[in-house]
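Please read the structure below before turning to the comments.
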Amino acid sequence: MLLNKKKIINDPVYGFVKIPSDLVFDLIEHPFFQRLRRIQQLGLSGYVYPGALHTRFHHALGAMHLMGLALDNLRNKGHEISNQELEASQIAILLHDIGHGPMSHGLEHILTSTSHEQISLLFMEQLNKEFGGALEMAVSIFKDTYPRKFFHQLVSSQLDVDRLDYLQRDCFFTGVSEGTIGADRIIKMLNVHEDELVVEEKGIYSIENFLTARRLMYWQVYLHKTNISAEQMLVQLVSRIKHLIQKGKKVIASPNLLLLLQNSVGINEFRKQPALLQAFANLDDIDIWSSVKQWSTCKDKVLSTISRMLLDRKLFQVTLSSEKYDSAAIDKRREAIAKHYQISNKQAKYFVVKGSTANEAYLSKGDNINIITKQGKVADIAQASDLPNIKALRKIVKKYYVCWARC
């Protein structure tokens, strides 16, 4: 009996989303992709916005849907796009986040020493082998080696369908209305000029709103100070576990998580040791939370205390500043925490964390958002816009933070 693969998914943001082909259906059904159901899109942001419990699975399907709309729009404007290119582009964006680890960005650079984009490529290459080379064009679009550059720009650029989806989706689930963007209008305003993605002049106000909304979403959601605190607590837990492993201590964790914790894993290790990549493919948020629950009752006081705090949402206090914090003041706080929790000053370092974060709303570095006039002239949005704040969005805003356990 043949399986009907012409499915329709009811998405809360867009309504009915069609699965465009049998191949896309089979990729969605693959364990690599189904794993994304168990990874929350915004990591620990649910501690700030209780509704932010949507997953990478939701986001990937939404981005695939927007890619279809964008390419249909370009076809209607006379650009030749083959059915194979359409499917390959949708596959490239569908799988663009398949390499995300547990807690999304929260643990990205501590579980491994490589980026989720590189791991996504490894998974795509593996899937390409499993599907007999059917993903060859999708991989080349993802890697930006396909001759027609605008396909890759729709997957990864400063105005890609990835950003269009996550801003709308994250705005919807967090309830942060300031992040609202006119994605439908932006897609209708897209065009191609000399093989580069451009926005028609009448869409300039939608782009201005898009950039402003992105900046606001970073400060209000992605870089919210409470979110920073929760993520840093999780990072400290993993750091502590790695320290204990290096000291030869026996630690408890799921087998797949333990394998990554015990090894220094980068892109070369993933390529040379298939077991490591398979272990990563089996990791999701459940591994982390089940481990945190076990750590909350372990003998190591650092692990048990921070784990219990995280489970009960007794989060570290946090402050943000445009200036670096005084090291002497931080040392004093560590001493006070060591005394309060009856731990050593070395152990207290896990309870006081300093760092920095940056909001990069729009960077002009060869990856511009270009506006095309009716006369065919192309200009960067920062020059084309008459709003002074759009030009100011080029500036990287850096803030410093200190997180510490309450005494």
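Of note:
- Semi-axis lengths, Å, region 134-235, gyration tensor of Cα atoms, sqrt of 5 times eigenvalues: 28, 20, 10
- Whole-number percent relative contact order across the chain, with pairs defined as alpha carbons under 8 Å at least 6 apart: 16 percent
- The Stokes-Einstein estimate for region 279-353, based on a Kirkwood radius over Cα pairs and taken at 4 °C with 1.567 mPa s viscosity, is a diffusion coefficient of 91 µm²/s.
- Pair ASP380, GLN84: separation of 7 Å Cα→Cβ label points (nm): 3.7 nm
- Computed per residue of the chain from DSSP H runs no shorter than four, each worth -39500 (n - 2.57), the mean residue ellipticity at 222 nm is -15000 deg cm²/dmol.
- Of the Cα atoms belonging to the chain, the radius of gyration and Dmax stand at 22.8, 72 Å.
- Listed peptides 306-319, 230-243, 95-108, 180-193 appear in the order 95-108, 230-243, 180-193, 306-319 once ranked by packing, highest mean of other Cβ atoms within 10 Å at the front.
- Across region 46-95, the mean sequence separation of Cα contacts (distance under 8 Å, 6 or more residues apart), normalised by length, yields a relative contact order of 46 percent.
- Here the convex hull built on the C-alpha positions of region 23-77 has a volume of 88 cubic angstrom per residue.
- P(r) tail fraction, region 104-178 - alpha-carbon pairs more than 22 Å apart, %: 42 percent
- Rolling a 1.4 Å probe over the heavy atoms of the protein chains gives the chain an accessible area of 46 Å² per residue.
- At full extension, HIS243 and ASP11 could sit 79.2 nm farther apart than now, given 0.36 nm per residue minus the alpha carbon distance.
- Each principal axis of the Cα atoms in region 1-132 has its own extent, and those three values, largest first, are 44, 38, 34 angstrom.
- Stretching the chain fully between GLU360 and ALA134 yields a gain of 77.7 nm (0.36 nm per residue, less the alpha carbon separation).
- Debye log10 I(q)/I(0) at q = 0.17, 0.20 Å⁻¹ for region 175-322, Cα point scatterers: -0.98, -1.13
- Scaled against 2.2 N^0.38 Å for its residue count N, the alpha carbon radius of gyration of region 186-234 is 1.71.
- Seen from GLU80, the other residues with C-beta closer than 14 Å to its C-beta sum to a net charge of 0, counting Lys and Arg as +1 and Asp and Glu as -1.
- Helix runs (DSSP H) in the chain reaching 27 Å along axis by Cα, Kyte-Doolittle at least -0.5: 56-76, 225-246
- Of the residues ASN227, ASN128, ASN268, the one that moves most in a GNM of the chain with alpha-carbon contacts below 10 Å is ASN268.
- Distance-filtered residues of region 171-190 - backbone nitrogen under 19 Å, label point 7 angstrom along LEU387 Cα→Cβ: 171-172, 176-190
- Its alpha carbons considered, region 335-386 gives a radius of gyration followed by a Dmax of 24.7, 72 Å.
- Cα convex hull, region 303-407: 154 Å³ per residue, rounded to a whole number.
- Label-to-label distance, nm, for residues given as LYS272 and LYS293 (7 Å Cα→Cβ offset): 3.7 nm
The values are calculated or read from the model by the stated rules, or taken from the named source; none is laboratory data. Only a predicted model underlies this, so the values are computations on that prediction, with no experimental measurement involved. Backbone-built Cβ (ideal geometry, glycine too); neighbour counts: all protein chains shown. Areas reflect the complete protein model, heavy atoms only, side chains present, ligands, DNA and RNA absent. Shrake-Rupley method; radii C 1.70, N 1.55, O 1.52, S 1.80 Å.
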